Amino acid sequence: MSNRKKLIEVAKEKFIMFGSKHTTMDEIAELLGISKKTIYACFSSKEELIIESIKQLINEFKIDVAPIFNSDKTPLNKVIAIYEVIFVYVAKFKPSFIFGLKKYYPNAFDAYKMETENIVSNDIMMLLNEAKEKGEIRADVDLELFSKLYLNGLESRLFDADNLFDTYPKEVLLEYMIVNNLNSLKPIK
């Protein structure tokens, strides 16, 4: 593994666990047994390393959910399965990860928001539209509005007041935040 890839991997784990602000370049250098100068030979700034770490995190997520798209599950069940994976990832985040990005590294926060919004607006919406075409979702449902209300900005709802993962199991949060809302879209029989 190249120095750059190893740096990204270690930094990603530290940023997720302790937040971007609370993780120093000195700590990352010490973990890898290299100098801080070596890090800056690979990355021009800490924010660039954070952005690359976010890209790596999103790539790992996409690899983890790829089999779901190829499964024989119904479109709605695929959405639920994808959110199961999302909740596994988000449960690893410390609230300071998202808040630190937003406050101290706006370019990294923008990159994170763009990537996560693309997943919702492209992949999830494609599945929801497919579910609607197949009759799994009522014809009168405004999927754009549903997405804005329940799917976009999920992390902020999970972390704004308290870290809900500290109080509730991720399965319960998934049920209340995703599954119940998706079930409300089904045709009444």
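The values are calculated or read from the model by the stated rules, or taken from the named source; none is laboratory data. Computed from a prediction, not measured in an experiment: that's the story for all the values here. Neighbour counts are summed over all protein chains in view; Cβ atoms, including those assigned to glycine, are modelled from backbone coordinates with ideal geometry. In case anyone asks, the SASA skips ligands and DNA or RNA and just uses the protein heavy atoms, side chains included. Shrake-Rupley method; radii C 1.70, N 1.55, O 1.52, S 1.80 Å.
The single residue among LYS55, LYS102, LYS113 that is farther than 25 Å from GLU171 by Cα, in a helix (DSSP H, G or I) and either among the small types (Gly, Ala, Ser) or within 11 Å of the chain's Cα centre (by Cα) (or both) turns out to be LYS55.
One residue stands out in region 106-130 among those that are in contact with a Lys or Arg (Cβ under 8 Å, 6 or more places away or on another chain) and open to solvent by 30 Å² or more (accessible area, probe 1.4 Å): the one that is nearest to LEU149 (Cα to Cα), namely GLU115. Scan region 171-180 and give yes if some residue there is farther than 15 Å from ILE86 by Cβ, open to solvent by less than 50 Å² (accessible area, probe 1.4 Å), at pLDDT 90 or above and in a helix (DSSP H, G or I), otherwise no. No, region 171-180 contains no residue that is farther than 15 Å from ILE86 by Cβ, open to solvent by less than 50 Å² (accessible area, probe 1.4 Å), at pLDDT 90 or above and in a helix (DSSP H, G or I). The set of residues from region 137-170 being assigned to a helix (DSSP H, G or I), farther than 20 Å from ASN118 by Cβ and either at pLDDT 95 or above or open to solvent by 60 Å² or more (accessible area, probe 1.4 Å) (or both) comprises ASP166, THR167, LYS170. Which number in (1) open to solvent by less than 60 Å² (accessible area, probe 1.4 Å); (2) at pLDDT 95 or above marks the one condition that SER35 misses? Every condition holds for SER35 apart from (2).
Filtered by the rule that a residue be open to solvent by less than 60 Å² (accessible area, probe 1.4 Å), free of Cβ contacts under 8 Å to residues at least 12 places away in the same chain and among the aliphatic types (A, V, I, L, M), region 1-32 gives a lone residue, ALA29. Would you confirm whether or not region 74-86 contains a residue that is in contact (Cβ under 8 Å) with a residue 24 or more places away in the chain, closer than 22 Å to GLU9 by Cβ and either open to solvent by 40 Å² or more (accessible area, probe 1.4 Å) or under 19 Å from the mean Cα position of the chain (by Cα) (or both)? So far as region 74-86 goes, yes, one or more of its residues are in contact (Cβ under 8 Å) with a residue 24 or more places away in the chain, closer than 22 Å to GLU9 by Cβ and either open to solvent by 40 Å² or more (accessible area, probe 1.4 Å) or under 19 Å from the mean Cα position of the chain (by Cα) (or both).
Selection of region 146-176 for residues being among the acidic types (Asp, Glu), without any contact (Cβ under 8 Å) to a residue 40 or more places away in the chain and farther than 16 Å from VAL79 by Cα yields ASP160, ASP162, ASP166.
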